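Heads up: the structure comes next, in structure tokens.
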Amino acid sequence: MIENKLSSCKINGQYEIKQIDGDEAMIRFFKHVGIHVGDTLKLVNILNKHYIGYIKGSRYAMEETIASSLYVKQYD
């Protein structure tokens with residue numbers, strides 16, 4: 001599968017984070033909360049343009065603009 005923005009992915013899919021896009025502040029934000037390229041993410045729900053997923057055993061909620069900064073590839 002081709003890399004997609006997280007904001008275009010399906011619920012219950014399991015993905016590998018391939019790229020973090022955005023300005024330096026956005027990249028710093030992801031590093032600060034412990035999200036890195038190569039991490040596994042499971043998208044569990046989308047509520048009112050908020051994307052909810054598990055990364056390294058922690059649950060994260062991110063609004064659509066932030067979710068669009070993550071490029072992911074679905075696991076086979």
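Miscellaneous remarks
- Selection from segment 1-29 of residues that are surrounded by 15 or more Cβ atoms within 10 Å (Cβ to Cβ) and part of a loop (DSSP other than H, G, I, E, B): C9, G13, G22
- One residue stands out in segment 38-50 among those that are over 10 Å from the mean Cα position of the chain (by Cα) and outside any strand (DSSP E or B): the one that is surrounded by the most Cβ atoms within 10 Å (Cβ to Cβ), namely K49.
- Residues in segment 51-70 that are exposed (fewer than 12 other Cβ atoms within 10 Å of the Cβ) and either over 11 Å from S7 (Cα atoms) or touching an Asp or Glu at 6+ places or on another chain (Cβ under 9 Å) (or both): K56, G57, S58, R59.
- One residue alone among I20, I35, I27 is of a type in the set (A, V, I, L, M) and touching a Ser or Thr at 6+ places or on another chain (Cβ under 7 Å), and that residue is I20.
Readers should treat all values here as calculations from the given coordinates under stated rules, not as data from a laboratory. Everything numeric here is computed off the predicted structure, so don't read it as measured data. Heads up, the Cβs are rebuilt from the backbone with ideal geometry, glycines too, and the neighbour counts pull from every protein chain shown.
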